[in-house]
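Written out below as structure tokens is the structure these notes cover.
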Amino acid sequence: MSERLATEVCIVGGGLVGCATALALARRRTPCVLVERERCGTHASGVNYGGVRRQGRALEELPLAARARRMWGRLAVLVGHDSEFRPTGHLRLARDAAELAALEQWAAEAARLDVRCEILGPHALAARWPWLGSGLAGGSFCADDGQANPRLTTLLFARAAREQGARILEQKPVTAVERSRRGFRVVIQGGSEIQTRVLVNTAGAWGPAIAALLGEELPGEVIAPNMLVSEPLPYRIEPNLGMAGPGIYLRQVPTGSVIFGGGRGAADLAKARCRPLFSTTLATLAEARRIVPGLASATIIRSWAGIEGRMPDDRPVIGPSARVPGLFHAFGFSGHGFMLAPAVGAVLAELILDGHSSTSLAGLGPARFAQRPAAFA
Amino acid sequence: MSAGATIVVVGAGPAGMAAARVLAEEGLRPMVLDKAARPGGQVWREPVGEGEEPSLPGHDPSQARRARTAFLELARDGRLDWYPSTTVVDLTRDRLWALGASGAVDSTGFDRLILCPGAIERILPVPGWTLPGVYTSGGARTALESLRCFVGRRIAFVGTGPLLYLVAARHVAAGASVVAVADTARLHQALAALPGLAADRSGLALAARCLAALRRAVVPILRGVRAFAVEGRHRVEGLRLETRAGPRELDCDAVAFGFGLVPQLQLLDLLDAPFRFDPESESWLPELDRAGRTPLPGVYVAGDGGRIRGARAAELAGERAALALLEDLGRPVDGPRVARLDRELERQSRFARALGRAFPFPRALEEAIADDTVVCRCEGVTAAALRAASRAFDADEINRAKALTRCGMGRCQGRLCGPSAARILAGARGLDLASVGRLRAQPPVEPLPARARRVEEETAA
């Protein structure tokens, strides 16, 4: 049955960023409708690794990450349920002196933005976390970082948004978006239409396609991070682990399962399907055995991937469109948006309702890709 | 693995061995993979150790032995490539990954694939079903026929389906003490199915032999069981039944239970093959033509992994799928042979459907699974947790319920709990079973040791 809805804000894409935006707007009593083609959290938002870290991010992301970290600390209150967030710390490991130097440099720069990291040499590392393999040059530990359960988090935000009055439409593919006299007209498969003053593009890997519907050209590629999980092992690996350079990441949940990430699976954007790749899985395991040799005794019972958008500079696009008034973007989180998402929603709500935010988005706006003249006048 | 082989048969039970034989006789030298060390599958499994095999109703060890011997001869003569102890862990449209006997992982490309993954016994979570001493009836059968041991001193059989009676009768014949066969189906259902069962006289005769064996041993056969629970603190101490005549307690130290078989769909699922919900068996089945072709080009399914019809039909289906493959390669096939196979398989299908009507799955019991009963034993998820999640998060799809509750996330990956979890979800939401879907398979479809390396790494090391 086709219907016509009128709203203040229409959010396209029910990933974590879209749901967090819906919640932030609904909390400020702003009428909003979120449209999701599948179900909220189907792709990377619901099946990502679950890292909650500031460490290792581009410095441009740190103001947002700082705000997000404060929100993670009280997320259960915000969304009404435990998202299994635990500040276990995040340990980044260096394989050689150059990587250790890079960790030190990042820690020095981040300290100015209030992120505290502890640099450890190989002996301190081995003494503190004896299950680490030998041959590491050192590491950097950020005690306030942690991890959470991605399977729950997006659903919690969606539920909280709904309870606060946001309308969430699932299994509703958007077939057309066009500008209208009052803002935008969003057409949903089946013929329903949403008339909205503001449009928010949180469509993840499909973000560039949504922007293109309104004549805004933004880059982006699709990725599908490859993840695996083991049967429970005795709980030992408390911190969330990552590498200074490219490589794997892994964490253990208190019930014992170890979650591994690294490399990419295969994704098909047109079919909205992705799958893990076994060659990637084996490469992840090989590196995991070098970093934590005890993991050789684990048994892997499942692997998966999730569709995610990636920008050429590995930083998300967040902010008002450079070309279309009333259009806001927040997509292309390049594999590390889970942690940022609660703050992205809050900041977008401020930008939409107040016209400005206290949190800096410098270096993250869409204008950085708008070098060429507009394709459409 | 040899790079030249382009036809792969997964599974060396009756279906896989028959398919491989047809292909080998055509000179196509298929690769045949099975996770067991010896061919035979579940139903024609080779017994462990030496000595005479016991004489059991409907059990002709010579038939299974002949098939295994012929298969191994083809392997010895180099007419097929046999990979025992090789477990397929992941599969794409043109490549499969398998964990071999050495503990290393290898992969091979293929052009055509015949999947013969067999079936898994359907279970029903009831109070006490996770106690030590509870087995599936198929598990009890494997213990008896391959390991030559009984799962207990006093064994109660409960559930429904022909396998329950067959395994109970074989236990009696082998000298086990069977305290009862408790069936959730009713006699009039079996009687109503008789005309269809007449499609296979030998099948009917086997049923009569099983019943006679049970009667001679004075094993009570309780039909129309309405509910049951396994009792015991640390292991099985008894079985409590609600029968039409009232409650009944059975003194036993082991329970063998099962509710028929369902196809193992995981490998096909990895290929994104289409499935349909079969309302008659209340299970998901792969879409197949009668020869065993899937809608995916070059991918075939034979045996109980496609349609539950038993070992003899599986052997015919294996042959039929291999002939379909030859046809698709443009090779001439014997028309009358194909027609004969199709006729015989159709007859077996009629018999299987009649069996399904004689022993319907007890959906009322599944709908009534108590809140405190553990549904997913790997993750310890109760029926109450599933019901609560479906309400609190508006979950109306089984994979969503999995994400919320962890149901189906453990070692068995939902093979055991999936169907019951779907029923509970459907019941809690007032939806029909088909609409809540099924748990999707994810690689590895069998547990993968994290120490597994690729074969080339092994060689290089």
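State the three equivalent ellipsoid semi-axes of the stretch B:411-461, derived from the C-alpha gyration tensor as the square roots of 5 times its eigenvalues, in descending order and whole Å.
In descending order, the three semi-axes are 39, 9, 6 Å.
Separation of the stretch A:153-167 and the stretch A:66-145 by C-alpha centroid, Å?
Distance between centres, Cα-based: 30 Å.
Residues in the stretch A:111-126, backbone N under 13 Å from the label point at A:GLU104 (7 Å along the Cα-to-beta-carbon vector): list them, ranges by number please.
A:119-122
Say a paramagnetic label sat at a point 7 Å from the Cα of A:GLU193, along Cα to Cβ; which residues of the stretch A:1-42 have their backbone N under 12 Å from it?
From the stretch A:1-42, the list is A:3-6.
Chains B and A: what accessible area do they bury, summed, in square angstrom to the nearest 100, with a 1.4 Å probe?
Result for this pair: about 3000 Å² buried.
For chain B, count all C-alpha to C-alpha pairs, find those more than 41 Å apart, and express that count as a whole percent of the total.
16 percent
Go ahead and estimate [θ] at 222 nm for chain A from helices alone: -39,500 (n - 2.57) per DSSP H run with n ≥ 4, summed, over the residue count, rounded to 500.
Computed ellipticity for chain A at 222 nm equals -8000 deg cm²/dmol.
For the pair B:ARG233 and B:ARG340, how long in nm is the line joining their label points, each one 7 Å along Cα→Cβ?
6.3 nm
Specify whether the C-alpha gyration tensor of the stretch B:53-132 places it in the rounded, prolate or oblate class, a ≥ b ≥ c being the square roots of the eigenvalues: rounded for a/c under 1.5, otherwise prolate if a/b is larger than b/c and oblate if not.
oblate
Can you pull the percent of the stretch A:225-305's accessible area that's carbon plus sulfur, 1.4 Å probe, other chains left in place?
57 percent
Given charges of +1 on the Cβ of Lys and Arg and -1 on the Cβ of Asp and Glu, with all other atoms neutral, how large is the dipole of the stretch A:225-305 about its Cα centre, in debye to the nearest 20?
180 debye
Along each of its three principal axes, how wide is the spread of alpha-carbon positions in the stretch A:101-162, in whole angstrom units, largest first?
Here the spans come out as 50, 32, 15 Å, largest first.
Counting only residues 5 or more places away or on other chains, whose amide H sits under 5 Å from the amide H of B:VAL179 once H atoms are built in the peptide plane?
Counting only residues 5 or more places away or on other chains, the set is B:ILE155, B:ALA156, B:PHE157.
Rounded to the nearest 500, what is chain B's calculated 222 nm mean residue ellipticity when only DSSP H runs of at least 4 contribute -39500 (n - 2.57) each, over all residues?
-10500 deg cm²/dmol
Could you pull the accessible area for A:TYR249 with a 1.4 Å probe, rounded to 10 Å²?
The accessible area comes out at roughly 60 Å².
Given the whole protein assembly as supplied and a 1.4 Å probe, what does the accessible area of B:THR92 come to in Å², nearest 10?
Using a 1.4 Å probe on the heavy atoms, I get roughly 30 Å².
Any idea how far apart B:GLN189 and A:SER134 come out in nm if each label point goes 7 Å out from Cα toward Cβ?
6.5 nm
Amide H of A:THR175: which non-local residues (sequence gap of 5 or more, or other chain) have their own amide H closer than 5 Å, using H built in the peptide plane?
Residues meeting the amide H criterion: A:VAL187, A:ILE188, A:GLN189.
List, in order, the whole-Hz ³J(HN,Hα) value for each residue of the stretch B:24-37 obtained from phi through the Karplus relation with A = 6.51, B = -1.76, C = 1.60 and θ = phi - 60°; use x for Gly and Pro.
Per-residue couplings from phi come out as 5, 5, 8, x, 8, 6, x, 8, 10, 10, 8, 6, 7, 6 Hz.
Assuming 1.306 mPa s and 10 °C, estimate D for the stretch A:54-189 with Stokes-Einstein, Rh taken as the Kirkwood radius over Cα pairs, in µm²/s.
Translational D for this selection: 87 µm²/s.
If I model a spin label as a point 7 Å beyond the Cα along the Cα-Cβ vector, how far apart are those points for B:ALA217 and B:ALA101 in nm?
The answer from the label model is 3.5 nm.
How large is ³J(HN,Hα) for each residue in the stretch B:312-321, as worked out from phi by the Karplus curve 6.51 cos²θ - 1.76 cosθ + 1.60 (θ = phi - 60°), to whole Hz, x for Gly and Pro?
These are the phi-based 3J(HN,Hα) values: 5, 5, 4, 4, 5, 5, x, 4, 5, 5 Hz.
From zero up to wherever the largest Cα-Cα distance of the stretch A:225-305 sits, split into 10 Å bins and tell me the percent of pairs in each.
Here the calculated profile for the stretch A:225-305 is 19, 51, 24, 6, 0.
Pull up all non-local amide H partners of B:THR373: gap of 5 or more, or a different chain, and H-to-H distance under 5 Å with H placed in the peptide plane.
Amide H to amide H, under 5 Å and 5 or more residues apart or across chains, B:THR373 pairs with B:ALA383, B:ALA384.
Can you give me the Cα centroid spacing of the stretch B:199-250 and the stretch B:84-125 in angstrom?
If you average the Cα positions of each part, the centres end up 36 Å apart.
Take every Cα-Cα distance within the stretch B:225-339, group them into 10 Å bins from 0 onward, and report for each bin the whole-number percent of pairs it holds.
12, 30, 21, 18, 13, 6, 1
Using only the Cα atoms of the stretch A:4-75, each taken as one equal point scatterer with no solvent, compute I(q) by the Debye sum, divide by I(0), and report log10 of the ratio at q = 0.13, 0.14, 0.26 Å⁻¹.
Taken in order of the listed q values, log10 I(q)/I(0) reads -0.49, -0.56, -1.19.
What Kirkwood radius, in Å to one decimal, follows from the Cα pairs of the protein assembly as shown?
29.3 Å
For the protein assembly as shown, with every protein chain kept in place, what is the accessible area per residue (1.4 Å probe, Å²)?
Dividing the accessible area of the protein assembly as shown by its residue count gives 40 Å².
If r is the Cβ-Cβ distance from B:LEU147 to B:SER177 and R0 is 22 Å, what FRET efficiency results, to the nearest 0.05?
Taking R0 as 22 Å, the efficiency between B:LEU147 and B:SER177 is 0.80.
Using only alpha carbon positions, build the gyration tensor of the stretch B:1-129, then give the equivalent ellipsoid semi-axes as the square roots of 5 times its eigenvalues, largest first, whole angstrom.
For the stretch B:1-129, the semi-axes come out at 26, 21, 13 Å.
Helix by helix through chain A, keep the DSSP H runs that span 15 Å or more along the axis on Cα and average at least 1.0 on Kyte-Doolittle, and give those back in order.
Taking the DSSP H segments of chain A (at least 15 Å long, mean hydropathy at least 1.0), we get A:16-27, A:341-354.
Explain nothing, just compute: Karplus ³J(HN,Hα) = 6.51 cos²θ - 1.76 cosθ + 1.60, θ = phi - 60°, for every residue of the stretch B:286-295 in order, whole Hz, x for Gly and Pro.
Per residue, the Karplus-derived 3J(HN,Hα) values read x, 6, 9, 7, 6, 7, x, 6, 8, x Hz.
For A:GLU38 and A:GLU3, FRET efficiency with R0 = 25 Å and r from the beta-carbon atoms, rounded to 0.05?
Computed FRET efficiency for A:GLU3 and A:GLU38 comes out at 0.80.
Efficiency by 1/(1 + (r/R0)^6): what FRET value for B:GLU280 and B:ALA245, r their Cβ-Cβ distance, R0 = 30 Å, to the nearest 0.05?
0.50
For the Cα atoms of chain B, what angle does the longest principal axis make with the long axis of helix B:162-173, in degrees from 0 to 90, nearest 10?
With rounding to tens, the tilt is 80 degrees.
Roughly how tilted is helix B:383-392, in degrees to the nearest 10 and between 0 and 90, from the longest Cα axis of chain B?
Relative to chain B, helix B:383-392 is tipped by roughly 80 degrees.
Quick one: the Cα spread of the stretch B:155-270 along its three principal axes, in angstroms, biggest first?
That works out to 45, 44, 30 Å along the principal axes.
Quick check for me: using +1 on Lys/Arg Cβ and -1 on Asp/Glu Cβ, what's the dipole size of chain A about its Cα centre, in debye to the nearest 20?
Dipole of chain A, to the nearest 20 debye: 620 debye.
In square angstrom, rounded to the nearest 10, how much accessible surface does B:THR136 have for a 1.4 Å probe?
Only protein atoms counted, so the area is about 40 Å².
What shape does chain A take by its C-alpha gyration tensor, where a ≥ b ≥ c are the square roots of the eigenvalues and a/c under 1.5 counts as rounded, a/b above b/c as prolate, and the rest as oblate?
Note, shape of chain A comes out prolate.
For the stretch A:274-326, what number results from the quotient of the Cα radius of gyration and 2.2 N^0.38 Å?
Rounded to two decimals, the normalised Rg is 1.85.
The values are calculated or read from the model by the stated rules, or taken from the named source; none is laboratory data. Treat the numbers as computed from the prediction; the structure is a model and nothing was measured. Don't worry about glycine lacking a Cβ; one is built from the backbone with ideal geometry, like all the others, and counts go over all protein chains shown. Areas reflect the complete protein model, heavy atoms only, side chains present, ligands, DNA and RNA absent. Shrake-Rupley method; radii C 1.70, N 1.55, O 1.52, S 1.80 Å.
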